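Take a look at the structure set out below.
The values are calculated or read from the model by the stated rules, or taken from the named source; none is laboratory data. Computed from a prediction, not measured in an experiment: that's the story for all the values here. Cβ placement follows ideal geometry from the backbone for every residue including glycine, while neighbour counts extend to all protein chains displayed.
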Amino acid sequence: MGTIKAATEGDRKLPPLLAGCSGGELQTLKPLVSLVVPAYNEALIVEKNLSVLCQYMDSVETNYRWEMIVINDGSTDETGKLADAFAKTRDNIQVLHHPRNFGLGRALRSAFSRCCGDYIVTVDVDLSYAPAYVEQLVEKMRESNAQVVAASPYMKGGKISNVPSLRRILSVWANRFLSVAARGNLSTLTGMVRAYDRKFLSKLSLRSTGMEINPEIIYKTMLLDGSIEEIPAHLDWKFQKAEGIKRKSSMKILRQMFSILLSGFLFRPVTFFLFPGFVLFLFALYADAWVLIHFFEHYSNLPQYSRFDIRASAAVIAAFNAAPHTFIVGGLASILAIQLISLGILALQSRNYFEEIFHLGTSLYAAMQDKRSEKNE
């Protein structure tokens, strides 16, 4: 299949293979699976692993038709040329080229705009998840009628092997944090290996350009009350980039941590503002209680002042001189607690506004799509 250069997410013109995929004559055929494979500087493995993926997809052709979209996200090595050469050997593979490295999110969005399958499955070109998960994900989606099905190495039955300790620890705790923030029963929110219902995915209006696109999809699916399922999976880095070369993580730790915190905030702003605010408020009450205790102790020890205002002022001064830290700590804690609680309320309000606008925009977009379909028919 031909190569598409400098693809953009707004370009939805279908390539030749898929030009007729929306026609009624294809509805009676086997389901079409769109396999999305992002790649960045993977020249050492791209040909071999694409071949492995194709061999596997050939083995399931009794049940599914399939296409493959490879996204060369601005690689500086020979990844793009090798992918192009491989695509020429088959008529159901296309390669998209970004002029520079835009990030995982932009790469996936470009590919999604080109997909025409009933189901979209995103996979890692390094084959850290075995190709067999492609069919398992799709089968789970068809069985459960879910809109998203994720491969999870963190749920019961899942497994992680040969992953560097730092990457493994960060990934495990990031997903635990996001799981709590999302208030759901999902164990993996950052993983990329998933199956999507294409029609549902097209409604989400994705914006992320980096790795945060994976939590974003989960978040927006939840907003639309979409069904999300998981299957246990084995994440294994034994498939190395080349013989004798150790598999390295490309994760940028600080950037990924910030992305995870931001995603957690989107899921549950109360985690960042209201909860810390109430904790700080309780601490402020404790400190302020000691302020009052010191005040009444000194007030009772100043009988020489007959007027209440003079006696109370003297008691405050004496209490402050005796324990200034209680006044300072209690005052600062009270101010910060009020600010955090106020920000939490505003964040919840903003989230509610966003959800209403998102639902409205999704409804309008769906209505426009229906009108276009009616016109085409």
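Candidates in region 303-338 are the residues that are among the hydrophobic types (A, V, I, L, M, F, W, C), farther than 30 Å from G277 by Cα and crowded, with 16+ Cβ neighbours inside 10 Å; of these, the one that is farthest from the chain's Cα centre (by Cα) is A314. Here R65 meets each of (1) closer than 30 Å to R142 by Cα; (2) touching a Ser or Thr at 6+ places or on another chain (Cβ under 7 Å); (3) surrounded by fewer than 21 Cβ atoms within 10 Å (Cβ to Cβ) with one exception, condition (2). Strands (runs of 3 or more DSSP E) fully within region 166-237 that include at least 1 residues being of a type in the set (V, I, T) and either out of contact with any Gly (no Cβ under 8 Å at 6 or more places or on another chain) or more than 19 Å from Y119 (Cα to Cα) (or both): 228-232.
Screening A233 with (1) more than 24 Å from the chain's Cα centre (by Cα); (2) under 30 Å from V52 (Cβ atoms); (3) modelled with pLDDT of 85 or more gives one miss only, at (1).
Residues in region 309-361 that are assigned to a helix (DSSP H, G or I) and more than 30 Å from Y219 (Cα to Cα): 26 in all.
Report yes if S179 is farther than 30 Å from Q94 by Cα and touching a Phe, Trp or Tyr at 6+ places or on another chain (Cβ under 8 Å), otherwise no. Before you say what the answer is, go through the steps one by one.
Working: farther than 30 Å from Q94 by Cα: yes; touching a Phe, Trp or Tyr at 6+ places or on another chain (Cβ under 8 Å): no.
For S179, the condition - farther than 30 Å from Q94 by Cα and touching a Phe, Trp or Tyr at 6+ places or on another chain (Cβ under 8 Å) - is not met.
Set side by side, the residues L262, L280 differ, and just one is part of a helix (DSSP H, G or I) and either touching a His at 6+ places or on another chain (Cβ under 7 Å) or at pLDDT below 75 (or both), which is L262.
Considering R109, R168, R183, which residue is closer than 17 Å to I218 by Cα and at pLDDT below 90?
Numbers: R109 fails: at pLDDT below 90; R168 fails: closer than 17 Å to I218 by Cα.
After applying the criteria, what remains is R183.
Residues that are at positive phi and among the small types (G, A, S) within region 197-227 comprise just one, S205.
Scan region 187-203 for residues that are crowded, with 20+ Cβ neighbours inside 10 Å and without any contact (Cβ under 8 Å) to a residue 60 or more places away in the chain and jot them down. Within region 187-203, S187, T188, G191 meet the criteria.
Residue under question is M155, and the condition is that it be free of Cβ contacts under 8 Å to residues at least 60 places away in the same chain, among the aliphatic types (A, V, I, L, M) and under 23 Å from D236 (Cβ atoms); does it hold? Show your work before the answer.
Numbers: free of Cβ contacts under 8 Å to residues at least 60 places away in the same chain: no; among the aliphatic types (A, V, I, L, M): yes; under 23 Å from D236 (Cβ atoms): yes.
Against the criterion (free of Cβ contacts under 8 Å to residues at least 60 places away in the same chain, among the aliphatic types (A, V, I, L, M) and under 23 Å from D236 (Cβ atoms)), M155 does not qualify.
Here is the figure for region 94-122: residues that are in contact with a Phe, Trp or Tyr (Cβ under 7 Å, 6 or more places away or on another chain) and of a type in the set (A, V, I, L, M, F, W, C) total 1.
Considering only region 158-181, state which residues are without any contact (Cβ under 8 Å) to a residue 24 or more places away in the chain and either within 19 Å of D126 (Cβ to Cβ) or surrounded by 17 or more Cβ atoms within 10 Å (Cβ to Cβ) (or both). Lay out the reasoning, then the answer.
At the first step, the residues of region 158-181 found to be without any contact (Cβ under 8 Å) to a residue 24 or more places away in the chain are 165, 168-169, 171-173, 175-176, 179.
Hits for region 158-181 are S165, R168, S171, N175, S179.
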